[in-house]
Amino acid sequence: MNLDEIEFIRSSLPEGRTKFYTFKDQYAFNLLSWKLGDRTVTVNDLKKQQDLRNYIHKPALSSYFKEHANGRISSLDLSYYWPKNERGHVFRLTLDQWGSRRGERMWHQTSRDGYNLVLQLNFLADHDKAYASLGTEEDEMDPCRFAFRGHPVRIGDYNTMSWARLDIDLNSGTSLIEEIQNDWLRRAHTMYRHLSQRVTSGSLKTQDQWKNVSVSSLLKYYEQYLNPIIKQWEETTLWAAIWFLKVELGINQIHYHSWESGIQHKGIDPRWAPPKSIYTQLPQRFGFTQTDQGPEFITNPATDHKRNRRKKHRTESPKWWFLNLNNTK
C-alpha cells in the first residue's frame with residue numbers, strides 16, 4: 001500500500017472511538033451469518049453444507065443450535081447473538097501504518113515494498129489505570145516494560161494489547177493479513193511465570209519488591225487483567241482483523257500467510273520465525289483453506305517487485321491461506 005491509500009482509510013473511520021466487543025468463538029456466529037446472507041435455514045440445513053462445517057462444531061454454536069433445534073435461523077439471529085451470562089472482552093480499535101519507501105528498512109518484514117495498515121487492539125482505560133497505579137506517585141509504571149517501541153503499537157494514551165498488519169488492494173477488493181502479534185501479553189506472561197516460580201520456591205515473598213513494584217501487586221494485576229484474555233488473544237486479533245476488513249472496508253477476499261509463505265515473502269530468518277500455530281492451526285479454525293495462489297497484488301510478476309521475484313526463484317512456491325466471505329449459494 002502507499003501512504004495515500006492508508007491516509008484515505010484512516011480519514012474515513014472514527015479515530016479512537018471504535019470499541020470491539022467479543023466473546024470466545026464469536027467469529028463462528030458471524031462467519032455463518034455472512035455466509036447465509038439473506039437466507040433463513042434450519043439447523044439441519046446448516047449442518048449439511050460442507051463449507052460451513054468448520055464453524056458449527058464450536059461449543060457456543062452447539063448450545064445455540066440446541067436452543068433453536070426446531071426453528072429456523074437467520075443471519076440476523078446469528079450476528080446479534082450474545083450468550084447469557086457472558087461478559088466477553090472489549091478493546092478499543094485504532095489504526096496506524098507500518099513500512100517504508102521502496103528499498104528502505106527491510107526489517108519491516110512486509111511482503112512488498114511500501115506500507116501496511118495496522119489495526120491495533122488497545123486496552124480500555126480501566127486496565128491502563130490499574131497498570132499505571134502499580135508504580136508510585138512519583139514514578140508511574142513504565143508501559144515499555146511490556147510494550148516495544150520498535151513495533152507498531154500505541155503507548156501512553158492507549159496501550160496496545162495486540163495488532164494485525166494488513167496489506168490491502170482497494171481496486172480488487174482483496175487483502176492480505178501479514179501478521180498478528182503481541183508484545184504486552186508475552187512479556188507480562190514471562191514476568192508472571194518468573195515471579196510465580198520464585199514465590200513457590202521460597203526465594204521471593206509476595207511482599208517483596210521487583211523492579212520497585214510489589215510482587216503481590218504484579219501477580220494480582222496479571223491474574224485480574226491479563227490471564228482472562230491471554231489464551232484467546234490470537235483468536236480475538238484475527239477475528240478483529242476479519243471483522244474490520246469485512247464490516248468497515250467491505251472486503252470479502254482475505255488472504256493470510258502460511259508459515260512458509262511468510263518466511264519467503266517477508267524475508268524472515270526461520271530461526272526467528274513466529275510460532276507455526278498462528279499460521280497453521282489458527283487459520284484452519286476460521287475456515288481458511290489452503291491454496292497455491294496468493295493475492296495477485298503480491299504474486300503477479302507484472303506488479304511484484306524485484307525482491308519477491310528473487311525469492312521465488314530461490315525456493316519452491318509456498319501455499320497460502322484464503323477465506324471467501326461472499327454468501328454461500
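The values are calculated or read from the model by the stated rules, or taken from the named source; none is laboratory data. Keep in mind that this is a model prediction, so the values were computed, not measured. Backbone-built Cβ (ideal geometry, glycine too); neighbour counts: all protein chains shown.
Restricting to segment 149-164, name every residue that is assigned to a strand (DSSP E or B) and either in contact with a Pro (Cβ under 7 Å, 6 or more places away or on another chain) or among the β-branched types (Val, Ile, Thr) (or both). Those that are assigned to a strand (DSSP E or B) and either in contact with a Pro (Cβ under 7 Å, 6 or more places away or on another chain) or among the β-branched types (Val, Ile, Thr) (or both): THR160, TRP163. When VAL90 is tested against (1) assigned to a helix (DSSP H, G or I); (2) touching a Phe, Trp or Tyr at 6+ places or on another chain (Cβ under 8 Å); (3) surrounded by fewer than 16 Cβ atoms within 10 Å (Cβ to Cβ); (4) not polar (S, T, N, Q), just one condition goes unmet, and that condition is (1). Among the residues in segment 128-144, are any touching a Pro at 6+ places or on another chain (Cβ under 7 Å), crowded, with 19+ Cβ neighbours inside 10 Å and not aliphatic (A, V, I, L, M)? Looking for residues that are touching a Pro at 6+ places or on another chain (Cβ under 7 Å), crowded, with 19+ Cβ neighbours inside 10 Å and not aliphatic (A, V, I, L, M), one finds none in segment 128-144, hence no. Restricting segment 262-304 to residues that are crowded, with 20+ Cβ neighbours inside 10 Å and in contact with a Leu (Cβ under 7 Å, 6 or more places away or on another chain) leaves a set whose member that is nearest to THR110 (Cα to Cα) is ILE298. For GLY294, the conditions (1) modelled with pLDDT of 90 or more; (2) out of contact with any helix residue (DSSP H, G or I) (no Cβ under 8 Å at 6 or more places or on another chain); (3) part of a loop (DSSP other than H, G, I, E, B) are fulfilled apart from (2). Looking across segment 2-21, the residues that are in contact (Cβ under 8 Å) with a residue 40 or more places away in the chain and either of a type in the set (Asp, Glu) or surrounded by 22 or more Cβ atoms within 10 Å (Cβ to Cβ) (or both) come down to GLU5, ILE6, GLU15. Tally the residues that are surrounded by fewer than 16 Cβ atoms within 10 Å (Cβ to Cβ) and acidic (Asp, Glu), restricting the search to segment 145-174. Summing the residues that are surrounded by fewer than 16 Cβ atoms within 10 Å (Cβ to Cβ) and acidic (Asp, Glu) in segment 145-174 gives 1.
Residue pairs whose Cβ atoms lie under 7 Å apart, separated by 6 or more positions or on different chains, with the first residue in segment 54-80 and loosely packed, with under 12 Cβ neighbours inside 10 Å and the second in a loop (DSSP other than H, G, I, E, B), are PRO59/ASP25.
A quick yes/no check of all residues on (1) touching a residue at least 12 places away in the same chain (Cβ under 8 Å); (2) among the small types (Gly, Ala, Ser); (3) at positive phi:
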| site | (1), (2), (3) |
| --- | --- |
| GLN207 | no, no, no |
| TRP210 | yes, no, no |
| SER217 | yes, yes, no |
| TYR222 | yes, no, no |
| ILE229 | yes, no, no |
| TRP233 | yes, no, no |
| THR236 | yes, no, no |
| TRP239 | yes, no, no |
| TRP243 | yes, no, no |
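Is one or more of the residues making up segment 30-39 more than 18 Å from GLU248 (Cα to Cα), small (Gly, Ala, Ser) and surrounded by 15 or more Cβ atoms within 10 Å (Cβ to Cβ)? The answer is no; no qualifying residue exists.
Scanning segment 304-329 for residues that are polar (S, T, N, Q) and either part of a helix (DSSP H, G or I) or modelled with pLDDT of 55 or more (or both) yields ASN308, SER317, ASN324, ASN326, ASN327, THR328.
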